1. Quick check on residue 1: is it in a loop (DSSP other than H, G, I, E, B) and either at pLDDT below 95 or closer than 28 Å to residue 139 by Cβ (or both)?
2. Select from region 109-168 the residues that are among the small types (Gly, Ala, Ser), in contact with a Lys or Arg (Cβ under 9 Å, 6 or more places away or on another chain) and within 28 Å of residue 45 (Cβ to Cβ) and list them in ascending order.
3. Among the listed residues 88, 148, 121, 163, identify the single one that is touching a strand residue (DSSP E or B) at 6+ places or on another chain (Cβ under 9 Å) and within 23 Å of residue 69 (Cα to Cα).
4. Spot the failing condition for residue 95; the list is (1) within 17 Å of residue 163 (Cβ to Cβ); (2) in contact with a Phe, Trp or Tyr (Cβ under 6 Å, 6 or more places away or on another chain), and only one is missed.
Amino acid sequence: MTQSGQSTTGQSLLFLTDEQLRKGTEAMFFAYRGFTADPDRILSERGYGRAHHRAVHFIHRSPGTTVNNLLAILGVTKQSLNRVLRTLVEDGLVLNTVGTKDKRERHLYLTETGTALERALSDAQRDRMRAAYRAAGPAAVAGFRQVLEAMMDEEMRRHYDALKDKAE
């Protein structure tokens, strides 16, 4: 530790070279490929893509969420989301109900089939995350989460915090 209380390792992280940042960027790209590989296989068997996965994930995390809230979280166009939701509703994975307070609102819920798909997708990703977390150790896990949270835009951070608060 230095006199200021910071370790030299922590201090050196404040002055990353472009090469170190490039390596981190590439590691994220390759990690993301691994993180999505198993769910992609499961989704492709049904003719679905990652947009379907994200919709199913966030509907599961917030049952009854509105279409407008899902639009804000996913950051996609209404047309794009409607295409995904139409498929999920027609295939019996999502229920789309009219709001009780505001008839213009549409509330989304997973059906049993949708919940089963969400579980299969999440189990595959949790298995990969669990193995990586075990290999990296608790300090690395906490640091990794801090880095991810620091990379979020302010609006996305609010959505993330709202979901995090539901889990606690």
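1. It is true that residue 1 is in a loop (DSSP other than H, G, I, E, B) and either at pLDDT below 95 or closer than 28 Å to residue 139 by Cβ (or both).
2. Result: 124, single match.
3. The conditions single out 88.
4. For residue 95, the failing item is (1).
Listed here are the residues, each with its yes/no results for (1) among the aliphatic types (A, V, I, L, M); (2) open to solvent by 30 Å² or more (accessible area, probe 1.4 Å).
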residue	(1), (2)
36	no, no
51	yes, yes
54	no, yes
67	yes, no
72	yes, yes
76	yes, yes
79	no, yes
90	no, yes
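The values are calculated or read from the model by the stated rules, or taken from the named source; none is laboratory data. For clarity, every value in this text was computed on a predicted model and none was experimentally measured. Quick reminder, even Gly has a Cβ in these numbers, built from the backbone with ideal geometry, and neighbours come from all protein chains shown. Areas reflect the complete protein model, heavy atoms only, side chains present, ligands, DNA and RNA absent. Shrake-Rupley method; radii C 1.70, N 1.55, O 1.52, S 1.80 Å.
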